[in-house]
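S.K.: My questions will all concern the structure given below.
The values are calculated or read from the model by the stated rules, or taken from the named source; none is laboratory data. Since we're looking at a predicted model, the values are computed, not measured. Here Cβ is always computed from backbone atoms with ideal geometry, including for glycine, and neighbour counts include all displayed protein chains. Just so you know, the surface numbers come from the protein's heavy atoms only, side chains and all, with ligands and any DNA or RNA stripped out. Shrake-Rupley method; radii C 1.70, N 1.55, O 1.52, S 1.80 Å.
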Amino acid sequence: GVAIEAHLDKGRGPVTAVLVQRGTLKVGDSIVAGPAHGRVRALLNDRGEGVNEAPPSFPVQVLGLTAVPGAGDSFLVVDDDRMARQIAERRASRLRMAAQAAGRKPGPWSSAPARRAAACRSQRPPRARRRRHAGAGRRAP
């Protein structure tokens, strides 16, 4: 299947909206989505109701991943958690190697908007330092 979108929810952790393409996704399956892995703790349909399984072409939200995968990342169901962790670590190392080869830092800060913002910051004049009036912020002797 494919991870349509993902976000980090304050109470539930990483939440990923997925679209199952082949087979059936069930609660308790071990999955890998991009560099994230985990066991499906809960499946929620488009109304926010819990479901036990998701047939093909059925969009659901998945709870239970270790991290937030990227939009468009493919996900797959594996036999056990150990295999899922190994695949996720391999994918993460491949992403780090690609980022290192491109000459940038790996992670969410290496996106194009962040690079443009950094370029704008380097062209701005430095801000004038605020001067305090006499006695502000000083302790009495």
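S.K.: Filter region 88-107 for residues that are among the hydrophobic types (A, V, I, L, M, F, W, C) and either more than 19 Å from the chain's Cα centre (by Cα) or at pLDDT 90 or above (or both) and give the result. Walk me through it before giving the result.
M.R.: Applying the first criterion (among the hydrophobic types (A, V, I, L, M, F, W, C)) to region 88-107 yields 88, 92, 95, 97-99, 101-102.
Hits for region 88-107 are A101, A102.
Results for (1) in contact with a strand residue (DSSP E or B) (Cβ under 7 Å, 6 or more places away or on another chain); (2) on the phi > 0 side of the Ramachandran plot; (3) without any contact (Cβ under 8 Å) to a residue 24 or more places away in the chain, shown as yes or no for each residue.
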{"position": "T24", "(1), (2), (3)": "yes, no, no"}
{"position": "V27", "(1), (2), (3)": "yes, no, no"}
{"position": "V32", "(1), (2), (3)": "yes, no, no"}
{"position": "P35", "(1), (2), (3)": "no, no, no"}
{"position": "R39", "(1), (2), (3)": "yes, no, no"}
{"position": "D46", "(1), (2), (3)": "yes, no, yes"}
{"position": "L63", "(1), (2), (3)": "yes, no, no"}
{"position": "T66", "(1), (2), (3)": "yes, no, no"}
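S.K.: Given (1) open to solvent by 20 Å² or more (accessible area, probe 1.4 Å); (2) touching a residue at least 60 places away in the same chain (Cβ under 8 Å); (3) hydrophobic (A, V, I, L, M, F, W, C), where does F75 come up short, assuming only one miss?
M.R.: Of the numbered conditions (1) open to solvent by 20 Å² or more (accessible area, probe 1.4 Å); (2) touching a residue at least 60 places away in the same chain (Cβ under 8 Å); (3) hydrophobic (A, V, I, L, M, F, W, C), the odd one out for F75 is (1).
S.K.: If you check I4 against the conditions, is it open to solvent by 30 Å² or more (accessible area, probe 1.4 Å), part of a strand (DSSP E or B), touching a strand residue (DSSP E or B) at 6+ places or on another chain (Cβ under 7 Å) and under 16 Å from S74 (Cα atoms)?
M.R.: Yes.
S.K.: Within region 49-66, how many residues turn out to be open to solvent by 40 Å² or more (accessible area, probe 1.4 Å) and of a type in the set (G, A, S)?
M.R.: The total comes to 2.
S.K.: Now for a separate question. Could you say whether any residue in region 78-101 is open to solvent by 40 Å² or more (accessible area, probe 1.4 Å), under 15 Å from G1 (Cα atoms) and in a strand (DSSP E or B)?
M.R.: no
S.K.: Separate question: Given (1) outside any strand (DSSP E or B); (2) of a type outside the set (A, V, I, L, M, F, W, C); (3) under 28 Å from L95 (Cβ atoms); (4) open to solvent by 60 Å² or more (accessible area, probe 1.4 Å), where does D46 come up short, assuming only one miss?
M.R.: Result: D46 fails condition (3) only.
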